[in-house]
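Have a look at the structure below, then the notes.
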Amino acid sequence: MKSAELDKLARRYGISPTRPSPDDREVAISADTKRKILSALEVELSGTTQGETYPTQREQQSGPAHKAIPKSFLPDFLLNTRVWGISLQLYELRSARNWGIGDFEDLSDMADLAGKLGADFIGLNPLHAPFLADPDRCSPYEPSSRQHLNPLYIAVDRLPGFVGSAELDRQLEGLRRSDLVDYTGVAKAKIGTMRDLWRTWPQAGADETYDPVDFEAFIARGGDSLRRHALFECLSFSMVERGAGAGWQAWPVVFRRFDSAAVAEFEHGHADEVRFHMWLQWLAHRQLLQAADRARAAGLRIGLYLDLAVGEAVDGSATWSEPDVYISKATIGSPPDPFAVEGQDWHLAGFLPSTIAAGDSSPYRRMVSAAMQYAGAVRIDHAPALRRLFLVPLGSRPDGGAYVRYPQHRLLQILAETSAEHRCLVIGEALGMIPLDLPDELAAARILSYRILSYEQDGKGFKPPDAYPVFGLTCISTHDHQTLAGWWRSADIQDRRNHGIVPPDLTAKHLRHRRRERRNLTTALRAAGIDVPSRLSARASGETLKELTVSAYRFIARTPSLLVAVRLADLTDEKKPTNIPGTSDSYPNWKPKLSVSLEGLASVPLLNRIAATMREERPRISAVRERSAGRRISNRQG
């Protein structure tokens with residue numbers, strides 16, 4: 001194929017002709033990259049595809065440019081007031097009754113506490129289905145399937161027919177004492193116990209929460225998606241026993257497709273086991289619904305706020321169950337930038353642009369609906385994926401990848417429709433290298449932006465509170481960051497050096513920059529009329545840094561952003577980060593537990609001080625004042 005024809009075909013299928021470089025230049029995409037990306041999009045070089053024809057770049061752009069931008073749901077009360085909530089990792093919760101991992105009963109109890117504190121939501125890590133047969137593969141952002149739930153969060157002791165034993169109690173005591181979640185031990189205890197319960201269910205006595213009739217209805221609603229996921233889990237356990245691994249790409253060839261004769265024979269011989277895994281999904285579904293109900297009953301007007309991962313594991317249930325809707329020859333990543341000069345390959349599978357929004361029951365609609373049915377808010381991780389994804393061809397380095405356009409207008413339409421159906425607001429995390437006009441388009445779609453304090457800086461320092469957007473969620477840090485106290489101590493910079501992510505010379509540069517940031521933060525706090533603790537040096541005491549944390553939360557509480565998230569790890573002054581990006585074997589990511597138990601949280605002074613600060617800065621107002629405030633906000637947005 002001639003170069004001009006290749007370029008034309010690449011443009012037709014939304015492949016950007018350039019990518020950014022670390023020194024802020026645009027680098028031309030090579031012909032080889034174009035061929036590989038076209039192949040990953042299942043495009044023949046003749047110009048035909050195995051699936052439906054993908055619209056040209058101009059056709060895609062004509063949607064947002066010439067049609068009204070679809071608007072996602074926003075509850076009426078949220079136009080009239082500013083609210084706050086608590087963000088946490090569900091697995092990190094300790095309690096006297098859980099099995100070494102936070103669970104849905106802990107979540108319900110946390111909702112009760114949050115309601116008493118005056119919060120309106122609880123923000124959570126993704127609750128997507130993991131690899132049950134390989135529990136240590138525990139990143140919530142590399143799930144096996146985003147359409148199904150994580151059964152490890154089931155509160156087994158709340159199931160009908162459960163009876164403990166002295167041996168189980170000893171096992172659970174060890175799991176509870178550990179400062180890290182022992183996913184393998186938790187899975188062994190929970191799956192083993194639930195297998196025993198399955199053998200006697202429902203004869204053990206079901207109640208209205210666990211009604212066998214509802215289980216059968218759940219199976220009928222779940223259809224092929226639920227059945228294939230359960231079948232994948234069965235096969236995954238079987239393959240691990242054979243030494244082949246939990247992910248399907250390492251299985252014998254005859255089992256790598258869900259529709260093979262070997263898989264059909266396996267399913268026929270393991271029908272009860274398939275139903276067991278469907279039962280686990282039903283139990284998780286019932287308990288998460290209960291937690292959502294408890295949150296609303298506790299007075300949380302938004303309720304649960306769930307996170308959606310940007311992709312799925314390349315060898316998990318989703319790609320095995322629906323191979324025709326996923327890109328199989330490239331993975332999601334990001335181009336080279338100043339903080340990752342070689343680019344990044346996240347090794348995640350993404351939907352094909354041609355299939356993501358196709359049909360009334362499109363993959364994207366099913367994925368977002370799976371979360372929205374439980375939530376009052378969802379957060380879309382890497383919201384730029386609504387417009388484009390950076391794809392890295394298999395076998396290539398990230399700098400050999402390219403941006404590929406997605407049907408943004410149609411995806412916004414699906415979000416608007418599903419959010420209205422489930423009365424669920426939408427938050428879009430759009431950080432890093434993003435199209436300049438994307439934030440405005442997301443705001444026009446009533447998708448709240450995601451603002452992190454340390455990122456909200458310009459040449460003059462930290463932005464003042466009134467510079468933050470109304471349609472936004474503002475927070476101090478996320479799972480990828482240290483707490484505010486850790487940030488102040490430069491613990492994040494030291495971690496990157498200690499784990500070999502950043503060389504010593506660059507570390508020294510980052511430490512100098514952090515000194516300026518510390519000065520700029522105190523300047524911004526004082527300019528906002530907020531007290532700053534005295535003796536605030538780089539080596540400030542723990543008590544001084546707690547005072548600073550209160551001041552910082554007062555600062556973000558004063559922003560006009562409709563939502564503010566208070567990170568639980570800040571309130572308990574955690575020293576171990578949740579996740580250190582760029583590490584794998586050198587740090588136990590997604591495993592550290594909180595240092596304070598759920599039962600002890602209510603008596604933590606810092607938690608109560610920050611909750612009081614939030615109530616003071618973001619009070620619940622009367623209906624009359626809400627209507628007046630709502631008119632002011634509407635005028636500001638007009």
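General remarks:
- Comparison of Thr507, Thr474, Thr523 shows that the only residue that is of a type in the set (Val, Ile, Thr) and under 21 Å from Val426 (Cα atoms) is Thr474.
- For Ile427: the one exception among (1) part of a strand (DSSP E or B); (2) under 27 Å from Arg526 (Cβ atoms): (2)
- Failed item, numbered, when Thr33 is tested on (1) part of a helix (DSSP H, G or I); (2) at pLDDT below 95: (2)
Here is a yes/no grid of residues against (1) touching a Lys or Arg at 6+ places or on another chain (Cβ under 9 Å); (2) over 25 Å from His382 (Cβ atoms):
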{"site": "Arg446", "(1), (2)": "yes, no"}
{"site": "Pro469", "(1), (2)": "yes, no"}
{"site": "Trp487", "(1), (2)": "yes, no"}
{"site": "Ala491", "(1), (2)": "yes, yes"}
{"site": "Gly500", "(1), (2)": "no, yes"}
{"site": "Asp505", "(1), (2)": "no, yes"}
{"site": "Lys509", "(1), (2)": "no, yes"}
{"site": "Ser541", "(1), (2)": "yes, yes"}
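- Near pairs, Cβ below 9 angstrom, 6+ apart or cross-chain, from region 502-526 (in contact (Cβ under 8 Å) with a residue 40 or more places away in the chain) to any residue that is exposed (fewer than 13 other Cβ atoms within 10 Å of the Cβ): Asn520/Lys460
- Condition broken by Leu594, with the remaining ones in (1) within 19 Å of Asp112 (Cα to Cα); (2) loosely packed, with under 15 Cβ neighbours inside 10 Å; (3) modelled with pLDDT of 95 or more satisfied: (2)
- Restricting the first member to region 118-137 and to residues that are at negative phi, and the second to residues that are part of a loop (DSSP other than H, G, I, E, B) and aromatic (Phe, Trp, Tyr), the beta-carbon pairs closer than 6 Å and six or more apart or on different chains are Arg137/Phe131.
- Leu411 being part of a strand (DSSP E or B) and touching a helix residue (DSSP H, G or I) at 6+ places or on another chain (Cβ under 8 Å): no
- Taken over region 2-16, the criterion of being surrounded by 15 or more Cβ atoms within 10 Å (Cβ to Cβ) and not polar (S, T, N, Q) is satisfied by Leu6, Asp7, Leu9, Ala10, Arg11, Arg12, Tyr13, Gly14, Ile15.
- Being at pLDDT 95 or above, assigned to a helix (DSSP H, G or I) and farther than 30 Å from Tyr374 by Cα holds for only one residue in Leu38, Leu107, and it is Leu38.
- For region 437-469, the tally of residues that are over 14 Å from Ile556 (Cβ atoms) and touching a residue at least 12 places away in the same chain (Cβ under 8 Å) stands at 10.
- Condition check for Val163: among the β-branched types (Val, Ile, Thr) and modelled with pLDDT of 95 or more: no
- Of the residues making up region 164-174, at least one is in a loop (DSSP other than H, G, I, E, B) and out of contact with any strand residue (DSSP E or B) (no Cβ under 6 Å at 6 or more places or on another chain).
- Search result, residues across region 109-150 that are more than 17 Å from the chain's Cα centre (by Cα) and surrounded by fewer than 23 Cβ atoms within 10 Å (Cβ to Cβ): Asp109, Asp112, Leu113, Gly115, Lys116, Leu117, Gly118, Ala133, Asp134, Pro135, Asp136
- Here region 377-432 is the region considered, the condition is being of a type in the set (Ser, Thr, Tyr) and in contact (Cβ under 8 Å) with a residue 60 or more places away in the chain, and the residue that is surrounded by the fewest Cβ atoms within 10 Å (Cβ to Cβ) is Ser396.
- Residue in region 338-346 that is over 19 Å from the mean Cα position of the chain (by Cα), assigned to a loop (DSSP other than H, G, I, E, B) and among the charged types (D, E, K, R) present: yes
- Residue ranges of helices (runs of 4 or more DSSP H) in region 494-581 with at least 2 members over 31 Å from the mean Cα position of the chain (by Cα): 504-527, 542-557
- Residue list for region 430-477, restricted to those being over 18 Å from the mean Cα position of the chain (by Cα), part of a loop (DSSP other than H, G, I, E, B) and of a type in the set (A, V, I, L, M, F, W, C): Met433, Ile434, Leu436, Ala445, Val470, Phe471
- One residue stands out among those in region 236-262 that are among the β-branched types (Val, Ile, Thr) and over 17 Å from Ser144 (Cβ atoms): the one that is surrounded by the most Cβ atoms within 10 Å (Cβ to Cβ), which is Val254.
- Qualifying residue in region 307-315 (condition: in contact with a Ser or Thr (Cβ under 7 Å, 6 or more places away or on another chain), part of a loop (DSSP other than H, G, I, E, B) and of a type in the set (A, V, I, L, M)): yes
- Number of the exception - Asp134 against (1) outside any loop (DSSP other than H, G, I, E, B); (2) among the charged types (D, E, K, R); (3) within 27 Å of Gly223 (Cβ to Cβ): (1)
The values are calculated or read from the model by the stated rules, or taken from the named source; none is laboratory data. Only a predicted model underlies this, so the values are computations on that prediction, with no experimental measurement involved. Using ideal geometry, Cβ is built from the backbone for each residue, glycine included, and neighbour counts are taken over all protein chains shown.
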